[in-house]
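To start, the structure itself, in structure tokens.
Please treat every number below as a calculation from the coordinates, not as lab data. Nothing here was measured: the structure is a model prediction, and the numbers come from that model. All Cβ positions, glycine included, derive from the backbone under ideal geometry; neighbour counts span all protein chains shown.
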Amino acid sequence: MTKIILASASDRRKDILSQVGISYEVMPSSIDEDAIQADTPAALVEALSAAKAEDIAERLTKNFVIIGADTVVVKDNSILGKPSDEAEAAKMLQMLQGNRHEVYTGVTLISVSPEGKGLIDTFHVRTIVDMIPMTAAQIDAYIKTGEPMDKAGAYGIQGRGAAYIQDIAGDYYNVVGLPISTVLTRLANMGIDLY
């Protein structure tokens, strides 16, 4: 049986894999994400996902599949990662409320067979999200729940943040943090069936 490794400590990504019935182990990457730069959001999330997956691959020998992923929110060409504090979370939510933004998730899949043959696939998925207008009181109350603090763009579409999402165009699970249908399709194209 091929070992599936999630190179992330994200509870959302773990939940998605569990939801679709995939057994996996968690091995969070220890890369310095701030050291990775790129010209576009798509290139950035791809580079980050690749660095995470490659970091874990270096620790293993063979017969594994690694899933590395990174998600960012983009508004007016500004990349919004996880807020560093409540003030930054408020600033992000003020920027997003009443507006349209994009969510990019980069994914890198690394497969090494029992014979040592390796395959790598890196890609990204983009989803457009429309957020309803929020009052300052709503933003403050939402931040006080703690939910925004560990999420790109300072909101969780799968949690209380759902109350402020009006519409999405694209993959919902991409916004959560892992475009699972695309991941499974790309793995199948690599000759890997997880079921």
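One table, with the values for the structure above:
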quantity: Neighbourhood net charge (14 Å Cβ-Cβ; Lys/Arg +1, Asp/Glu -1) for M149; calculated: -1
quantity: Contour minus Cα-Cα distance for D34 and I128 (0.36 nm per residue); calculated: 31.3 nm
quantity: 14 Å tail of the calculated P(r), the range 153-195, as % of Cα pairs; calculated: 56 percent
quantity: Cα centroid separation - the range 1-48 against the range 105-156, whole Å; calculated: 10 Å
quantity: Principal axes of the chain: Cα extent on each, largest first, Å; calculated: 58, 33, 25
quantity: Net +/- balance of residues flanking P28 in space, Cβ distance below 15 Å, scoring K and R +1, D and E -1; calculated: -3
quantity: Efficiency of FRET between N189 and Q94 - r from beta-carbon atoms, R0 45 angstrom, step 0.05; calculated: 0.65
quantity: Candidates I66, I31, I56, ranked by Gaussian network fluctuation over the chain, Cα under 10 Å, top entry; calculated: I31
quantity: Cα-only Debye scattering, the range 35-110: base-10 log of I(q)/I(0) at q = 0.18, 0.23, 0.26 Å⁻¹; calculated: -0.76, -1.00, -1.13
quantity: Stretchable slack from A162 to S78, in nm (0.36 nm times residue separation minus alpha-carbon distance); calculated: 28.0 nm
quantity: A141/L119 FRET efficiency (R0 35 Å; Cβ-Cβ; nearest 0.05); calculated: 0.15
quantity: Paired Rg and Dmax values of the range 118-195, which use every Cα atom, in angstrom; calculated: 16.1, 52
quantity: Shape box of the range 1-62 [Cα atoms, principal axes, largest first, Å]; calculated: 37, 27, 15
quantity: Whole-number percent relative contact order across the range 101-182, with pairs defined as alpha carbons under 8 Å at least 6 apart; calculated: 33 percent
quantity: Candidates A154, A163, A42: whichever shows maximal mean-square fluctuation once the chain is modelled as a Gaussian network with Cα springs under 10 Å; calculated: A163
